[in-house]
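Note sheet for the following structure.
The values are calculated or read from the model by the stated rules, or taken from the named source; none is laboratory data. In this text the structure is predicted, and so the values were computed from the model without any measurement. Counting neighbours? That spans all protein chains shown, and the Cβs are built from the backbone with ideal geometry, glycine included.
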């Protein structure tokens, strides 16, 4: 019989720097997976009296207080030389104190965690899948969070028997585990340098498809990549492998090497769960966790030019992969030694998520995976989202970065009227900065040079070995950009478009680089300046543009319009009335369960403008002139 103690004494083989004896040991028992529960045992020797345990309230890369502690039930502990157990006392929503413990005592802490969230931020456990982020599962010990950590994941045999399919149950994780099967239990042993490193390694144990590939850095060193897919799907794995490899190779060709290469890391891992409609991704130190609609994966009949849905998934892979350099290595200064119990405010999320949201799609076409025409369609989507967001005139992209904690992840019907996304506008600021750099340097410098210069600084000034990091603030951002353009030009750009709310010079810069811009007709799902969905009950209003015809009449989001001009409300009826010469019409709608009447006056009579923010544009290539922008020098 192999005991837990003997498992915990083993060291993983992947990294010599992780071979220090662990000070804090976690044992996660998945025996109650059918109830979505994980039983955790935490063992350590106290360094102080009445030590405190704490759990993060948010996870790096997702800037909202998630309150993971809500899924933990009562915390108990027992001293090694006593039979009696104790109940931990709460200090706050996510902190517990062990009052009976003295410095030098060895003890075990036990608690259970409820895991039933499909998102990439937390944990999910059932008969088909064991997935977790340690920010949700592992209580930290105050004062020992910089000490070596070991984790044992124990999975009962019946989980494997329930998943006896053509897909083998595998573990996907950025840390390479030691595996032992004993007494009908499967043990996976992981080891990390400290708690803060541990929480950057999510894991998934499930029936999974897998493929691997390698890319080469500028010195012809190979970097291993693994790609796992769980969930029900019928993806064309050969096509996916080909496309993702091309994208990854293009990133490494641009930046020269990767922060997850070399002796400290065992390459890069993509972890993907295919679901019905869920979508999202989260970056980690040498991996990413993705969830995607299975319909976004490539089919057996996937055309040479990827479908729109498959492009969306490739963009997600590209986005999170780039974050290994641009968030996990070069990061906001406030994220260097961050306290995950409190918000970490920075005005620079527009740099990290905005640059990434520009570069992710750009690299799809730079790698040759999608055409320039498809890329322009992706870009015009960004532009049209921006121009249809009234709040761009009210909130700067720097302010949006600060407000991530209260706004971005809590969108409501007023979000577009009151603010702007640092993803969306940040991407377009990055576009404008890229084209301005080209303009100012006669094509010599790009945004790509700025990013690469920061990465080089990280390698020069970061921590010893391959574990490199550097913090960005407004001062060193200006210093690096100043290497490639006049600082006065940058300061003017920043004042107008980053700290200010002046309209971005998107069209002028694109037209100067060989892009034709055509104005589309208004979207007929947004007549009267409102968005809606049609059902048998009528028109469900989802959003009302500020200062629009609808808002002037008093129509609000969540209203259900049932009649327009005395006729049943339909999309066709609304469009007919909106395009008529009627001075006004009567509109009836339910607000909650109350029937209300509105007088809707047309734009001329109401004095409301033509809602220019509802206009859309289409981008297309001129015969020439775009090549310099779309074909950077690092692409062969």
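Annotations for the structure displayed:
- Matching residues in the stretch 82-108 - criterion: being over 31 Å from the mean Cα position of the chain (by Cα) and part of a loop (DSSP other than H, G, I, E, B): 82, 83, 84, 88, 98, 99, 100, 101, 102, 103, 104, 105
- Among residues of the stretch 266-292 being outside any strand (DSSP E or B) and in contact with a strand residue (DSSP E or B) (Cβ under 9 Å, 6 or more places away or on another chain), the one that is surrounded by the most Cβ atoms within 10 Å (Cβ to Cβ) is 284.
- Those residues of the stretch 295-342 which are surrounded by fewer than 20 Cβ atoms within 10 Å (Cβ to Cβ), out of contact with any helix residue (DSSP H, G or I) (no Cβ under 6 Å at 6 or more places or on another chain) and not in a loop (DSSP other than H, G, I, E, B), in sequence order: 308, 333, 334, 335
- Restricting attention to the stretch 181-200, the residues that are within 24 Å of residue 126 (Cβ to Cβ), modelled with pLDDT under 95 and part of a strand (DSSP E or B) add up to 1.
- Qualifying position, being within 30 Å of residue 434 (Cα to Cα) and in contact with a strand residue (DSSP E or B) (Cβ under 7 Å, 6 or more places away or on another chain), among 542, 518: 518
- Test set (1) surrounded by fewer than 18 Cβ atoms within 10 Å (Cβ to Cβ); (2) closer than 16 Å to residue 231 by Cβ - residue 145 fails condition number: (2)
- Hey, residue 120 within 28 Å of the chain's Cα centre (by Cα), surrounded by 21 or more Cβ atoms within 10 Å (Cβ to Cβ) and assigned to a strand (DSSP E or B) or not: no
- Within the stretch 395-433, the set of residues being part of a helix (DSSP H, G or I) and modelled with pLDDT under 95 comprises 408, 409, 410, 415, 416, 417, 418.
- For the stretch 392-404, the condition holds for at least one residue, the condition being that it is within 18 Å of the chain's Cα centre (by Cα), free of Cβ contacts under 8 Å to residues at least 24 places away in the same chain, surrounded by fewer than 23 Cβ atoms within 10 Å (Cβ to Cβ) and under 21 Å from residue 502 (Cβ atoms).
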